[in-house]
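Undergrad: Before we start, here is the structure in question, set down as structure tokens.
The values are calculated or read from the model by the stated rules, or taken from the named source; none is laboratory data. All figures in this text were calculated on a predicted structure; none of them were measured in a lab. All Cβ positions, even for glycine, are placed from backbone atoms using ideal geometry, and neighbour counts span all protein chains on display.
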Amino acid sequence: MMRWLMPVIAGVLLGGIVHVASLLGVPLLAQADAYARLKPLGPANAFHPIVGTGKDAPLPGQDPAFETLACVFDVSDGPVRIHVPVGPDYMALSFYTRPAIAFFSLNDRSALAGMIDVELRGPDASSAPVDQRPDIIVINAPDTTGFVLLRGFVAAPSYRESVEGMLKNSRCERAPAP
């Protein structure tokens with residue numbers, strides 16, 4: 001019995017190592033990650049709607065109770081400004097690196113005077129905003145590329161148009177030069 005117990009234990013250990021390595025390696029080797037699926041929606045540094053929730057959607061599995069916009073950003077040539085008007089319903093901004101690691105998030109409670117105003121900068125940028133306004137939230141991204149998701153909660157079907165209108169007034173654009 002002892003003669004074949006060691007090969008069985010070795011096989012189980014080797015199988016466990018291969019299993020864990022494959023689970024950890026899949027996100028690094030995947031070709032169709034979130035960034036790659038969002039990039040074709042339109043030009044960088046602009047919000048684009050994410051349509052659909054099925055497996056063919058740019059980001060499958062999104063909650064249908066939310067309207068979602070995505071902005072693929074590139075801060076290598078300077079900061080990106082994000083303006084989001086907020087209303088009575090919940091809104092959230094989530095910031096992700098290129099491999100879809102969340103590095104910052106805020107919601108409508110961060111708004112001043114009904115507006116969330118963010119200046120997204122590169123990892124080496126100073127923390128002072130370009131136009132020096134005190135109501136700007138300055139975020140230093142850990143990398144020069146990534147994406148931002150803006151989600152607006154639709155409390156009832158009759159509110160969908162007003163949430164879509166508010167989201168359409170949101171902007172993700174290159175910051176003006178100082």
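Undergrad: If the requirement is being closer than 18 Å to Phe47 by Cα and free of Cβ contacts under 8 Å to residues at least 12 places away in the same chain, which of these qualifies: Gly165, Gly78?
TA: Gly165
Undergrad: Would you check which residues across region 102-120 are within 18 Å of the chain's Cα centre (by Cα) and either on the phi > 0 side of the Ramachandran plot or in contact (Cβ under 8 Å) with a residue 24 or more places away in the chain (or both) and list them?
TA: Phe103, Phe104, Leu106, Ser110, Ile116, Asp117, Val118, Glu119, Leu120
Undergrad: Could I ask something else about it? Among Gly61, Gly78, which is the only one that is under 21 Å from Ile116 (Cβ atoms) and either assigned by TED's automatic domain parsing to the domain that holds Asp135 or not in a loop (DSSP other than H, G, I, E, B) (or both)?
TA: Gly78
Undergrad: Would you be able to say whether some residue in region 49-67 is surrounded by 10 or more Cβ atoms within 10 Å (Cβ to Cβ), of a type in the set (Asp, Glu) and modelled with pLDDT of 85 or more?
TA: Checking region 49-67: at least one residue is surrounded by 10 or more Cβ atoms within 10 Å (Cβ to Cβ), of a type in the set (Asp, Glu) and modelled with pLDDT of 85 or more.
Undergrad: Further question: Residues Pro123, Pro134: which one is of a type outside the set (Phe, Trp, Tyr), under 25 Å from Met166 (Cβ atoms) and more than 15 Å from the chain's Cα centre (by Cα)?
TA: Pro134
Undergrad: Turning to a different aspect of this structure: Within region 26-38, can you find the residues that are part of a helix (DSSP H, G or I) and at pLDDT below 75?
TA: Listed by number, the residues that qualify are Val26, Pro27, Leu28, Leu29.
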